[in-house]
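The values are calculated or read from the model by the stated rules, or taken from the named source; none is laboratory data. For clarity, every value in this text was computed on a predicted model and none was experimentally measured. Using ideal geometry, Cβ is built from the backbone for each residue, glycine included, and neighbour counts are taken over all protein chains shown. With ligands, DNA and RNA removed, areas are computed over all heavy atoms of the protein, side chains included. Shrake-Rupley method; radii C 1.70, N 1.55, O 1.52, S 1.80 Å.
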Number of protein chains: 2
Amino acid sequence: MSGLDFDSDGRRLLDQLFDKWSLLVLEALCDRPRRFNELRQHLPAITPKSLTTCLRRLERNGLIERLVVSTDPVAIEYRITDLGRSLESPLQAMLRWVVDHLDVVEAARSDYDERRTRSEETRSVPEWLHRT
Amino acid sequence: MSGLDFDSDGRRLLDQLFDKWSLLVLEALCDRPRRFNELRQHLPAITPKSLTTCLRRLERNGLIERLVVSTDPVAIEYRITDLGRSLESPLQAMLRWVVDHLDVVEAARSDYDERRTRSEETRSVPEWLHRT
DNA sequence: CAGTATCCCAATGGATACTG
DNA sequence: CAGTATCCATTGGGATACTG
């Protein structure tokens, strides 16, 4: 009754879905099919290696397809599948939440850090909390 | 027009939100406030260290609160904040998608792996794709 | 263009034991 | 009960260079 029951399978699926780039790549492909280097441009910070890994995973999970288009110099494009499309709206909702709440989360962090540093002048804030 | 524009800030926020346990912990707290060991029971595989880390992060991001309840032996409970609550429905949607599609994703994987192993008898499937 | 191949480091997170 | 302290293994992922 407490909502969803996650056994280890759910846990692991979550891992693969939410790696560092998957959500962003998936969103880019929701928009329209794209090619490898288009995606690289769209996600400026991604390295070719990471992008490859990410695309293979999404493909393996059935969320996207890799298509070899027989044009003159063959083009390779990635496009979302029906399964991937079914994730679109939950995905968009999450991403939208993130952009809509960037500032308030940021504020919460400053707040937290300040309270921490004020109350205990001795111990400094663990820096693992600081990476944005 | 391609939807959301993610600069590095969005990227990093995503990191912190989607660590290995955050979503699950957050969901557990959406249900009702819980105490440390309650959460441990609810997430059987989590270690105390990971749970602590996760809770501190969520707290720092303003999604949950840590409350010291002055009962006889003091009780400590974690409860979701309004900010955290605002994430509830996108979160539930994502988790629901996952449970609803566990089997079809699983099928897609078997499919992918089989096609791979069939087409190239030589190279075996990279095992990093195998961890469920 | 669409990747692969290496090298390498930082960080996540498991296991375990201990504590106010 | 609610953590903290260590130690340690894995790995995700960046940088860079190379290739069919």
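Annotations for the structure displayed:
- All positions within the stretch A:15-52 that are of a type in the set (Asp, Glu) and either more than 9 Å from DNA strand C (Cβ to nearest atom) or over 14 Å from the mean Cα position of the chain (by Cα) (or both): A:Asp19, A:Glu27, A:Asp31, A:Glu38
- Entry remark, the stretch B:18-61: residues being in a helix (DSSP H, G or I), under 22 Å from A:Gln16 (Cα atoms) and β-branched (Val, Ile, Thr) number 2 in total.
- Residues of the stretch A:47-92 that turn out to be in contact (Cβ under 8 Å) with a residue 40 or more places away in the chain and either open to solvent by 60 Å² or more (accessible area, probe 1.4 Å) or under 21 Å from B:Met94 (Cβ atoms) (or both), as a count: 10
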